[in-house]
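As structure tokens, the structure follows; a few thoughts come after it.
The values are calculated or read from the model by the stated rules, or taken from the named source; none is laboratory data. These figures come from a predicted structure and were not determined experimentally. All Cβ positions, glycine included, derive from the backbone under ideal geometry; neighbour counts span all protein chains shown.
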Amino acid sequence: MEIFFHKNQMLYSPKNEFSSGNQLRKYVESPNRIELIIEEIVNLKRDDFIFKQPKLCNIEIINNIHSTDYINFLKEIPDNINEVAPTAFAFPKGRISKDSTFHAKMGYYLFDPSTPITKDVYQSSHYSTSSALDAVNSLSNNNLAVSLSRPPGHHAMTSVGGGYCFFNNIAIAAQQIVNQGKNVTILDLDFHHGNGTQEIFYNTDKVQFISLHGDTIVNYPFYWGGTDEIGEGDGKGFNLNFPLPNYANDEKYDETLELALIEIDEYNPDVVLVSMGLDCYFKDPIAGMNISLDYYTKIGERLAKFEKMGIILEGGYSNDIGICFTNVLKGVIT
Ligand code: SP5
Ligand code: ZN
């Protein structure tokens, strides 16, 4: 099994974020998350787990999903920007000009202030996406692939980033498979609803999107993630949300996961891509579910039946993220 990751994904390392109102707090989506995961993978001492560096992908591939002006916004960070976040938003709708200030552009291209902009955001995001793409491309020769994508991706929409996400890594990778005439299921197991992935594939039947998440009436990202969001047009019936009650335990989660897996069997995709967040873990500092370390192995066991699968990292912020992640891998492999 090949595990994709590039050291330039570590460059993006903001100090603070605005969160839950007006409090400034430490940015939890840190490069250390990847270090913890790599450390645990190395500890497994399996010579069939091979780390690979992705090659930087062509921007046209990202442009299949994200608009040119959004990509350029992230690419053209002014030299004097150190670490800034938007505080005024183009809500409910607005306009932007090439002469707008950078502050104004941030409020147009980001949907929340927890996504700080630094000079490294583009470079790290480009490599994060490249890792996901190369992992998914490796599925033509292998049945299983892993991408340690960071920054994560599932909150990023076509033309707006948010929730620590800039490029929607899994969506960009899924689109590559669709372009080969195949169908994909994206199973999103991050604690937070994958609103970006949902938006991107809302009108297509080529990608089935299934998300299990903390109920968004009371949890981030708040405005999406209900059971009534089922897709539109050709996509109707191919978007499935499974909101879970706060502090749902292993048993409740497993019951719901089984329902989701039945839906995937019915859809019968060529490839399954998993948005693997580890923030349902009971010790996660920002989320609110009650999943145990052992249950992460069980999740892996449940996923093991898929013939072609790519596991793409999303969130997960506890110091046990490495153990959570390798427990999933152990479950998939055995
Ligand atoms: C990829 C991903 O997991 N993104 C998550 C982004 C969540 N951002 C805002 C979280 C605010 C949570 N506030 C919780 C306070 C806990 N005491
Ligand atoms: Zn999350």
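Across segment 85-118, what is the number of residues that are assigned to a loop (DSSP other than H, G, I, E, B) and under 16 Å from ILE71 (Cβ atoms)?
Keep residues of segment 85-118 that are assigned to a loop (DSSP other than H, G, I, E, B), which gives 85-101, 111-116, 118.
Checking the rest, the ones that are also under 16 Å from ILE71 (Cβ atoms) come to 96, 98, 115.
The number of residues fulfilling the criteria is 3.
Say we look at segment 282-334 and pick out the residues that are among the aromatic types (Phe, Trp, Tyr) and either away from ligand 1 (no atom under 16 Å from the Cβ) or buried (at least 24 other Cβ atoms within 10 Å of the Cβ) (or both); which of these is nearest to the chain's Cα centre (by Cα)?
Selected residue: PHE325.
Can you confirm whether segment 247-268 contains a residue that is surrounded by fewer than 22 Cβ atoms within 10 Å (Cβ to Cβ), within 16 Å of ligand 1 (Cβ to nearest atom), among the hydroxyl-bearing types (Ser, Thr, Tyr) and part of a loop (DSSP other than H, G, I, E, B)?
yes
If I ask for residues that are over 20 Å from GLU60 (Cβ atoms) and in a strand (DSSP E or B), which ones from segment 164-221 would you list?
Across segment 164-221, the qualifying residues are CYS165, THR185, ILE186, LEU187, ASP188, GLN208, PHE209, ILE210, SER211, LEU212, HIS213, GLY214.
From the list ILE286, ILE262, ILE312, ILE323, which one is more than 30 Å from PRO92 (Cβ to Cβ) and within 16 Å of ligand 2 (Cβ to nearest atom)? Don't jump to the end; show me each part of the working.
Working: ILE286 fails: more than 30 Å from PRO92 (Cβ to Cβ); ILE262 fails: within 16 Å of ligand 2 (Cβ to nearest atom); ILE323 fails: within 16 Å of ligand 2 (Cβ to nearest atom).
Only one candidate passes the filter, namely ILE312.
Checking the conditions here, which among VAL218, VAL146, VAL160, VAL178 is among the β-branched types (Val, Ile, Thr) and within 16 Å of ligand 2 (Cβ to nearest atom)?
The conditions single out VAL218.
Give me the residue from segment 24-51 that is surrounded by 17 or more Cβ atoms within 10 Å (Cβ to Cβ) and outside any helix (DSSP H, G or I) and, out of that set, farthest from the chain's Cα centre (by Cα).
Looking at the filtered set, the residue picked out is TYR27.
Tell me which residues, restricted to segment 257-285, are closer than 21 Å to PHE325 by Cβ and either hydroxyl-bearing (Ser, Thr, Tyr) or modelled with pLDDT under 95 (or both). Outline the logic, then answer.
Residues of segment 257-285 that are closer than 21 Å to PHE325 by Cβ, as a first pass: 257, 260-261, 271-285.
SER275, TYR281, listed by residue number.
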